[in-house]
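Asks: Just dropping this structure here.
The values are calculated or read from the model by the stated rules, or taken from the named source; none is laboratory data. A quick note: this is a predicted structure, and the numbers were derived from the prediction, not measured. Cβ placement follows ideal geometry from the backbone for every residue including glycine, while neighbour counts extend to all protein chains displayed. In case anyone asks, the SASA skips ligands and DNA or RNA and just uses the protein heavy atoms, side chains included. Shrake-Rupley method; radii C 1.70, N 1.55, O 1.52, S 1.80 Å.
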Amino acid sequence: NACMLSMLPRNTMIADNKQVLIVDDESISRTLLEYLFKSLGYGVTLAKNGEEAVVFFEREFFPYIVMDFNMPKMNGLSAVKAIRAIEKSKNREPAFILGLTADETFEQQQAGLSVGMNVVHTKPVSMDILQDTLEAAIQR
């Protein structure tokens, strides 16, 4: 499939703890992101909404989180607030949280950053941008 071939990753840096929590209510988005991260050597855990993500994060530390904004039960902004609170209460190192949104407005970008997302990208996001973001996160 030509589409999948264009998604093959270029070489990237290796993270020490390569675990990522992918949070998105759209199954196709979860599948594509899972493929991308697994092809980069990451262990992947999938959550369908912010509520699931918070439960998973409470049990296990994920150094990288990809969080959609608009989801049922608990949206991405509320989930990030809860995750940051868990980190403080458990004295954990902060996860790198990449927010993904279909809303291109400055206000949406700022909303994500204000609750504790490290970076916010607009969907659809290219593989190169995701890899560049991850490499920057690994170097931090």
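Asks: Pairs only if they're at least six apart or on different chains, beta carbon under 6 angstrom, first in region 90-118 and at positive phi, second open to solvent by 20 Å² or more (accessible area, probe 1.4 Å); list them, first residue then second.
Replies: Filtered contacts from region 90-118: Gly116/Arg84.
Asks: Within region 77-120, can you find the residues that are more than 24 Å from Gln131 (Cβ to Cβ) and in a loop (DSSP other than H, G, I, E, B)?
Replies: Correct list: Lys90, Asn91, Arg92, Thr105.
Asks: Looking at region 27-39, I want the residues that are buried (at least 17 other Cβ atoms within 10 Å of the Cβ) and have a partner that is part of a helix (DSSP H, G or I) with Cβ atoms under 9 Å, at least 6 apart or on another chain. Which pairs are those?
Replies: Hits for this filter: Leu33/Leu130; Leu36/Met127; Leu36/Leu130; Leu36/Gln131; Phe37/Leu130; Phe37/Leu134.
Asks: Now for a different question. Hey, can you tell me all the residues within region 113-134 that are open to solvent by less than 40 Å² (accessible area, probe 1.4 Å) and more than 13 Å from the chain's Cα centre (by Cα)?
Replies: Once the filter is applied, which keeps residues that are open to solvent by less than 40 Å² (accessible area, probe 1.4 Å) and more than 13 Å from the chain's Cα centre (by Cα), region 113-134 yields Val115, Met127.
Asks: Looking for whichever is at pLDDT 95 or above, of a type outside the set (A, V, I, L, M) and more than 16 Å from Val20 (Cβ to Cβ) here; the options are Glu51, Glu107. Which one fits? If you could, list the steps in order and put the result at the bottom.
Replies: Values: Glu107 fails: at pLDDT 95 or above.
When all the criteria are applied, what remains is Glu51.
Asks: Could you check region 10-26 and list, in sequence order, the residues that are buried (at least 16 other Cβ atoms within 10 Å of the Cβ) and modelled with pLDDT under 50? Walk me through how you get there before you give the answer.
Replies: Of the residues in region 10-26, the ones buried (at least 16 other Cβ atoms within 10 Å of the Cβ) are 15, 18-25.
Within region 10-26, Ala15 is the sole residue that qualifies.
Asks: Yes or no: region 44-65 includes at least one residue that is among the basic types (Lys, Arg), under 22 Å from Ala136 (Cβ atoms) and either open to solvent by less than 60 Å² (accessible area, probe 1.4 Å) or part of a helix (DSSP H, G or I) (or both). Reasoning before the result, please.
Replies: Going through region 44-65, the residues among the basic types (Lys, Arg) turn out to be 48, 59.
Imposing the further condition that a residue be under 22 Å from Ala136 (Cβ atoms) reduces the set to none.
Looking through region 44-65, none of the residues is among the basic types (Lys, Arg), under 22 Å from Ala136 (Cβ atoms) and either open to solvent by less than 60 Å² (accessible area, probe 1.4 Å) or part of a helix (DSSP H, G or I) (or both).
Asks: On to the next question. I need the full set of residues from region 91-104 which are of a type outside the set (Ser, Thr, Tyr) and either under 16 Å from Gln19 (Cβ atoms) or surrounded by 21 or more Cβ atoms within 10 Å (Cβ to Cβ) (or both), in order please. Before you say what the answer is, go through the steps one by one.
Replies: The first filter runs over region 91-104 and keeps only residues of a type outside the set (Ser, Thr, Tyr), leaving 91-100, 102-104.
Selection gives Arg92, Glu93, Pro94, Ala95, Phe96, Ile97, Leu98, Gly99, Leu100.
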